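First comes the structure, then the notes that go with it.
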Amino acid sequence: MHLLENIPLAPLTTLKVGGSAKYFVEVSGIADLQEAIRFARSRDLPLFTLGGGSNLVVADAGWPGLVLKIAVQGIEQHSGHDEDGKVIFDVGAGESWDKFVSHAVMARCAGVECLSGIPGSVGGTPVQNVGAYGQEVSETIVSVQVLDLKDGQVRALCREACGFGYRTSIFNTSERGRFIVLRVTYALTPGGSPRIAYADLKRHFEGRETPPDLAETREAVRHIRALKGMLIIPGDADCQSAGSFFKNPVLSAGQHDDLKQRAVARGLTLPSYPALETRKKVSAAWLVERSGFNKGFGFGRVGISTKHALAIINRGQATAADVIALKEHIQQRVEEIWGIRLEPEPVMVGF
Ligand SMILES: Cc1cc2nc3c(=O)[nH]c(=O)nc-3n(C[C@H](O)[C@H](O)[C@H](O)COP(=O)(O)OP(=O)(O)OC[C@H]3O[C@@H](n4cnc5c(N)ncnc54)[C@H](O)[C@@H]3O)c2cc1C
């Protein structure tokens, strides 16, 4: 185990704010991990598990304990098929998610192509049940291998045990902080067709005579994401973010009616997105933009992406306090105007 001290965390995140970790260790196997946990316990240090840092706001005070950076590597493709004709992939939590998607697409296996270009690690994907363009990882995850901090055992949690929902799982709700993800097992469909369900993707391929293949779909998704600042492109200030900062609110029928009435009173029509409506969700981006926060909105060292109303960006030298001030400003305005409290999507670390 190679233990480091006072390691700045901002460079290890996509938003690039926040202080240092008191202790920091990168672990690529179970023995290192167990040694690191013993060290933290012997000093009563709080643990934080870090993946690719793409869904985090780290406090300016940093993390007072040990940060475990998970670097478990390996993409293993099982030979043959399972009983449902799927191909099984066992992937180390420390692998780049997009590298795995690229691997799956090249192997002509369908199921994750719409999740191309999402930053972060494989181990981060079950945590918030990563989703985009009509797919979620919960559709293809078979099991998640974890180290249980409660009893120190390594075990496999089947999909049902992970309790997946919209941007949730047991890992970020009921059992938050209990499990360290070591590997994730996905079942993909060999020779399967890409899922072209989302409006942006359908539009991209409009007028084509032959249906797109997996590789074309992956490229289309990456292209659409780049236009929205949702693909990490070095040097593009619009992607110094934690992705979408707010979740799409899930409303009751009563709340939905109230929202519609508020829109009518302002001469606006609530947009209809079939993908959202099936789950009684409304677009957080629409609410943010209709509350006075347009794309490109500046708020000192932070602001809103010029390409996407939901991304709070670090415009250079921002602090976590700057990010939180803008988050609160947006939440307050949206609540005043629309009666809805937006919930942040990124994980707050050390607050
Ligand atoms: C430009 C941009 C676009 C994005 N687009 C999307 C999108 O389309 N859809 C979407 O769902 N998300 C999106 N995100 C958010 C983010 O990429 C995902 O949530 C990603 O899965 C986070 O993975 P990570 O490895 O970076 O996790 P981190 O940010 O490092 O951590 C996030 C949480 O997961 C936990 N965690 C990470 N690794 C492990 C592990 N091995 N074991 C246990 N816990 C762990 C952390 O403790 C923390 O609680 C986007 C982010 C950015 C910056």
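Which residue, of L50, L33, is in contact (Cβ under 8 Å) with a residue 12 or more places away in the chain and more than 22 Å from the chain's Cα centre (by Cα)?
The match here is L33.
Is it true that L15 is within 13 Å of the ligand (Cβ to nearest atom) and under 23 Å from G303 (Cβ atoms)?
yes
Looking only at region 299-315, filter to residues that are part of a loop (DSSP other than H, G, I, E, B) and in contact with a strand residue (DSSP E or B) (Cβ under 8 Å, 6 or more places away or on another chain); which one of those is surrounded by the most Cβ atoms within 10 Å (Cβ to Cβ)?
L310
Are any of the residues in region 161-177 among the β-branched types (V, I, T) and touching a strand residue (DSSP E or B) at 6+ places or on another chain (Cβ under 9 Å)?
The answer is yes; a qualifying residue exists.
When L231 is evaluated against the numbered criteria (1) within 16 Å of the ligand (Cβ to nearest atom); (2) under 11 Å from Y133 (Cα atoms), which criterion, by number, is the only one it fails?
Going through the list (1) within 16 Å of the ligand (Cβ to nearest atom); (2) under 11 Å from Y133 (Cα atoms), L231 breaks only (2).
Of the conditions (1) more than 25 Å from C158 (Cβ to Cβ); (2) within 13 Å of the ligand (Cβ to nearest atom), G92 clears all except one; give me its number.
Here G92 meets the rest and fails (1).
Anything in region 99-129 that is near the ligand (Cβ under 10 Å from one of its atoms), surrounded by fewer than 24 Cβ atoms within 10 Å (Cβ to Cβ) and either among the hydrophobic types (A, V, I, L, M, F, W, C) or more than 23 Å from L157 (Cα to Cα) (or both)? List them, or say none.
Matches in region 99-129: G117, P119.
Within region 177-216, which residues are outside any strand (DSSP E or B), touching an Asp or Glu at 6+ places or on another chain (Cβ under 6 Å) and either aliphatic (A, V, I, L, M) or within 11 Å of the ligand (Cβ to nearest atom) (or both)?
If the condition is that a residue be outside any strand (DSSP E or B), touching an Asp or Glu at 6+ places or on another chain (Cβ under 6 Å) and either aliphatic (A, V, I, L, M) or within 11 Å of the ligand (Cβ to nearest atom) (or both), then L214 is the only one that fits.
Among the residues of region 239-273, which ones are buried (at least 17 other Cβ atoms within 10 Å of the Cβ) and among the hydroxyl-bearing types (S, T, Y)?
Answer for region 239-273, where residues must be buried (at least 17 other Cβ atoms within 10 Å of the Cβ) and among the hydroxyl-bearing types (S, T, Y): S241, S244.
Among what's in region 227-242 and is touching a strand residue (DSSP E or B) at 6+ places or on another chain (Cβ under 8 Å) and more than 18 Å from A285 (Cβ to Cβ), pick the residue that is modelled with the lowest pLDDT.
Taking the candidates together, the pick is A237.
Can A61 be described as over 17 Å from the mean Cα position of the chain (by Cα), under 23 Å from L157 (Cβ atoms), at pLDDT 95 or above and more than 10 Å from the ligand (Cβ to nearest atom)?
It is false that A61 is over 17 Å from the mean Cα position of the chain (by Cα), under 23 Å from L157 (Cβ atoms), at pLDDT 95 or above and more than 10 Å from the ligand (Cβ to nearest atom).
Restrict the check to region 153-176 and report whether at least one residue is polar (S, T, N, Q), near the ligand (Cβ under 8 Å from one of its atoms) and out of contact with any Asp or Glu (no Cβ under 7 Å at 6 or more places or on another chain).
Yes, region 153-176 has at least one match.
Can you confirm whether region 237-245 contains a residue that is within 19 Å of I340 (Cβ to Cβ) and either within 16 Å of the ligand (Cβ to nearest atom) or touching a residue at least 60 places away in the same chain (Cβ under 8 Å) (or both)?
For region 237-245, residues within 19 Å of I340 (Cβ to Cβ) and either within 16 Å of the ligand (Cβ to nearest atom) or touching a residue at least 60 places away in the same chain (Cβ under 8 Å) (or both): present.
The values are calculated or read from the model by the stated rules, or taken from the named source; none is laboratory data. Remember, it's a predicted structure, so these values are computed and weren't measured experimentally. Cβ: placed from backbone, ideal geometry, glycine included. Neighbour counts: every protein chain shown.
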